[in-house]
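Remarks on the structure that follows.
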Amino acid sequence: MEVSHFELIWKPQSPATPIGQSGIDKVFQGYFLEITNLEAVDYTYAIEFVVAPGAPPERNLIGNTVVFIDTPGVNNAPGVLNGNAAGTVFSPSTGNFTIPANGTALVAVLPSAFQFPGPNPLDPTPLVGQNFEVRGYVRLRLPTVFRAVQLPNGTFAFRRVAQANGPVKVLLTPQNRSTYYATNGTLSDQTQASLPTASGAARNDLPPDQPIVIVVPAVLDIDAIKITALQTMIDQVDPGLAMAALLASIDPEKSDLAAMNASLAKAGIGVAVERRKQKA
C-alpha cells in the first residue's frame, strides 16, 4: 500500500543568495512516519522507499541516509537503506519490524549529514558540506511470514503464509521535519509539516501479502549473469533464510525436481533438491 511521498534534503534553501542578503540558511529535512497497529494481535511490517532509477550520487539513497525504526519497548540501533544503486526500491538494513497489538512505531529516515559518536559504522563519508536531495514515495506492506503448517498426514512443515485472512487496520501519520542552519552553522529554526496520505485518510486497511507458490519448470535456464545479480540481493539478508524461503515456496507435487537437478548439475552447482518422504 502506498503511504505518501517523501523528500530528504540537506542543501541551501535557494540556488543563490538574494540581492542584499549575506547568505541563506541550509535545510536538513527528514521523513517521519508513525504507524499504529489498531488490531488486537501483533503484526510484522515491511517498509519500502521507491525512487526513480538512475539518479546521480547526490540524489541517490545508497550511502546517503540513516534509518531509525523505534518500536514500543525496543531501543533501535540506526540502519541504512539497502538496495541497488541502479534500482528503484530501498528497504531498511534492519529488516522488517513488529508492532505489538495497539502499539505505535516511528520510522525516521534522515540524510546522513552528521557523524555518530566514535567510528561511524554506517557511512564513513557522510554528507557533511555536500548538497543532497531525493524524492520518492513510501510503500508499507504486511509481508508473508514463516510458520509451522500442519500437513494432511499430521506432520508439520514450515511454509510462507499470509499474516491475516483480510486487511489489517493501521493508523498512518507521515511528516516532514526540518531543521534550518544559518551560514555561521547555528540553529535558526525548526518546522514540522504533516503530509497527505495516498488514501486521503489516516486510518487505512492494509492488505496482507499472499504467499507465492513456485512451480519449478522442467528445464532451468541458469544464466551466470542473472545468478550474480541475484547473489547481490541475497547478500543483503541471511543466505540460509533466503534459501529456506525459496524452498518453502516450491510446490513439490507440481515441480519436475529431476529436471531441475539435471540443470543444476549442468551449471556446476554442487547441490540437488529432493522431495522429502512423508512420515507414516
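The values are calculated or read from the model by the stated rules, or taken from the named source; none is laboratory data. The structure presented is a predicted model; accordingly, all values stated were derived computationally and were not measured. Neighbour counts run over all protein chains shown; Cβ positions are idealised from the backbone, glycine included. To get the accessible areas, we keep the full protein, side chains included, count just its heavy atoms, and leave off ligands, DNA and RNA. Shrake-Rupley method; radii C 1.70, N 1.55, O 1.52, S 1.80 Å.
A few comments on the model shown:
- Scanning the stretch 17-45 for residues that are closer than 30 Å to Gly185 by Cα, touching a residue at least 24 places away in the same chain (Cβ under 8 Å), hydroxyl-bearing (Ser, Thr, Tyr) and open to solvent by 20 Å² or more (accessible area, probe 1.4 Å) yields a single hit, Ser22.
- Residue that is modelled with the lowest pLDDT, among those in the stretch 46-61 that are of a type in the set (A, V, I, L, M, F, W, C) and either buried (at least 17 other Cβ atoms within 10 Å of the Cβ) or outside any loop (DSSP other than H, G, I, E, B) (or both): Ala55
- Only one of the numbered conditions (1) more than 26 Å from the chain's Cα centre (by Cα); (2) open to solvent by less than 40 Å² (accessible area, probe 1.4 Å); (3) at pLDDT 85 or above is violated by Asp189, and that is (2).
- Asn102 vs. criteria in a loop (DSSP other than H, G, I, E, B) and touching an Asp or Glu at 6+ places or on another chain (Cβ under 6 Å): no
- Members of the stretch 84-97 that are touching a residue at least 40 places away in the same chain (Cβ under 8 Å) and in contact with a helix residue (DSSP H, G or I) (Cβ under 9 Å, 6 or more places away or on another chain): Asn84
- Subset of the stretch 92-106 [over 11 Å from the mean Cα position of the chain (by Cα) and open to solvent by less than 50 Å² (accessible area, probe 1.4 Å)]: Ile99, Pro100, Ala101, Gly103, Ala105, Leu106
- Here Ile222, Ile212, Ile227 are screened, and the one residue that is exposed (fewer than 11 other Cβ atoms within 10 Å of the Cβ) and modelled with pLDDT under 90 is Ile212.
- From the options Val67, Val89, residue that is at pLDDT 90 or above and open to solvent by less than 30 Å² (accessible area, probe 1.4 Å): Val67
- Hits in the stretch 181-206 - residues which are without any contact (Cβ under 8 Å) to a residue 60 or more places away in the chain and assigned to a strand (DSSP E or B): Leu187, Gln190, Thr191, Gln192, Ala193, Ser194, Asp205
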